[in-house]
Amino acid sequence: MRDRASSLVQRHDLGVLVIALAILAGGALVHRSLACPDHVSYAKQGLQFQRPGGWLTLPESNSYVTPLALGTAGFGVGTSAPPAPNEPGDVHTRFASPKDARRRIEVRIEGRPSYSNLRGALAVQRLGQYGEFYWARSSGNSAIAGKDWLRTEFRYAFKPNKRGSPQIAEAIEYAIVNDERLFVVTLHDRPETLNDLDAIVADSLRVASQQASHTTTDKAPP
Amino acid sequence: MLAGLLAFVATAFGVQHLLGLSAPVRLGPASALLFASMPALLWLGYFHSQDRHEPEPKHYVLGAFVLGAFVAGPAASFLIDLASGAPMVGLRLHTLSLDRWVYALAIVGIAQEGSKYVAIRYTLYLSPEFDEPLDGIIYMSATGIGFASYLSYRSLVADGGEIYLSAGAAQAVVTTLAHASFAGILGFAMGHAKFAGHGHLSRATRLAVGLIAAAVCSGCFRVIMDALSVDGLASSPWRRVAFSFGFAAGIFLLTSVLIRRLLAISPHKSEEETIDA
């Protein structure tokens, strides 16, 4: 039996395949360790999370309208954006992958909305940002490090450029009200890679606890 | 054949300038297939014509081409996707960074050349028609040409199939030449391994060395081509074509030297000479 196996290996030069697969597997491991982006910390006003290193920090924007939505000029998306946050201390920061601008993390910190229903207030903001080409997939509370974050998955259509065909992007939004401040972290990505980005950010999402969170008492809009 | 290839590129160049096409042209699946297969068929004719003493059956050579396009191509893509890992893994921005070299040599090079190797080693290599060392280069080159057609087609239909006609035509010709030549090096090793007759270990060693040499050529081609195809934030398709042509021509010359050496020691040559005498 052993002779037969040995003969089979020799006759078909299976050793060559083993060598090739070993190089491929070794290369894959080395490549992963070299190319896997290091994570860096984001910390502002008590909000903390990990994000992929090497991403570009886009200029602070006063507008809620994302570049993706602006790329849909002609579709009317983004034209009905809500007023820009002008309060001192408000933050609207965006990080984008240098290789694919569709992969982005958006951070918004501002005063808590006057509308007491957080879920409804955020839904209105998203409608203003993405217009009729936005639709929510699911929304619910997600407990992360002892805090209840409002987690909303949604989709929206955009055009990557003027001549491009409309495409669908997916996003996951985490929101919480803490110390009368609204913290919103939105992850934008292709549908096939969004979960990987979510795994990095969501697991490390923290907000400094000084008062109780308010999201659990919010009700979904009708 | 070579004149046909030049005519193909010149036609694309002429059409682009006559029609004043300053923007990329959108190709449909059918026209992309035609665009990718034209240079492939011309190169196939060229390599087949090199087998002067006992030309291989055309349907076998065509079979090798089909194996390259429909077996080796998809298999290599699958292996590369598998080995590239999670989508968060991405290449660093520096075009000559270590991770790019590892990716090109150990993942892309081995997956591409290994797939071509498997496609022929367990099919035509076992055939009675594979009866002289030169046949390794002929069949593997045909596989490499089929493989390049698959790659060209995929790159043409990606991004909506938009290309600059002249640069796209030249790139298709050069990519086909490059993959035919890399596979030719591996084919040389396969032919040598089959007929050298020094035992299993020696044969396996020759095959492994041939595979690694082809993978190194393929990997270097990819890294340096990528590095030269961007100039700052701008893309330089003609710089990429010029470099790929230089690199591929170098490997092609090496393959041509190997073909001549094998033609000189071909067993069919001595048969012909005996018959002539």
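Of the listed peptides B:141-149, A:181-189, B:9-17, what is their order by residue-averaged count of other C-beta atoms within 10 Å, with the highest listed first? Working shown, then result.
Details: B:141-149: 31.9, A:181-189: 22.7, B:9-17: 16.0.
Result, highest mean Cβ count within 10 Å first: B:141-149, A:181-189, B:9-17.
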Which of B:Gly109, B:Gly199, B:Gly184 moves the most in a Gaussian network model of chain B with Cα springs under 10 Å? B:Gly199
What's the FRET efficiency of A:Glu192 with A:Asp38 using the Cβ-Cβ distance as r and R₀ = 22 Å, to the nearest 0.05? 0.45
Given R₀ = 30 Å, what would the calculated FRET efficiency be for A:Tyr115 paired with A:Gln48, taking r from the Cβ atoms and rounding to 0.05? 0.65
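Could you work out the mean count of beta carbons from other protein chains within 10 Å of each residue's beta carbon in B:210-216? Write down the numbers at each step before the final one.
Values: counts 1, 5, 4, 0, 0, 4, 0.
Per-residue shielding by partner chains comes out at 2.
What does the charge add up to near B:Glu129, with Lys and Arg as +1, Asp and Glu as -1, over the other residues with Cβ less than 13 Å from its Cβ? Before the final figure, lay out the partial values.
Numbers: positive: B:Lys58, B:Lys194; negative: B:Asp51, B:Glu54, B:Glu56, B:Asp131, B:Glu132, B:Asp135.
So the surrounding residues net to -4.
Quick check: residue separation of B:Glu162 and B:Val257 times 0.36 nm, minus the Cα distance between them. What number comes out in nm?
Values: separation 95, 0.36 × 95 = 34.20 nm, distance 3.75 nm.
Between B:Glu162 and B:Val257, full extension yields an extra 30.5 nm.
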What FRET efficiency comes out for A:Val9 versus A:Lys99 if R0 is 45 angstrom and r is the Cβ-Cβ distance? Round to the nearest 0.05. 0.60
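Taking neighbour counts of Cβ atoms within 10 Å as a proxy for exposure, in what order, fewest first, do A:Lys159, B:Lys116, B:Lys58, A:Lys99 appear? Could the numbers behind the result be given before it?
On the way: A:Lys159 20, B:Lys116 33, B:Lys58 10, A:Lys99 13.
If I rank by nearby Cβ atoms, fewest first, I get B:Lys58, A:Lys99, A:Lys159, B:Lys116.
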Which of A:Trp149, B:Trp101, B:Trp43, A:Trp135 has the fewest other C-beta atoms within 10 Å, and how do the rest follow up to the most? A:Trp135, B:Trp101, A:Trp149, B:Trp43
Neighbour-count ranking [beta-carbon atoms within 10 angstrom, fewest first] of A:Glu153, B:Glu132: A:Glu153, B:Glu132
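All of the numbers you see were taken from the coordinates with simple rules; none came from a lab. Please read all numbers here as calculations on a predicted model, not as lab measurements. Note: ideal-geometry Cβ built from the backbone for every residue, glycine included; neighbour counts use all protein chains shown.
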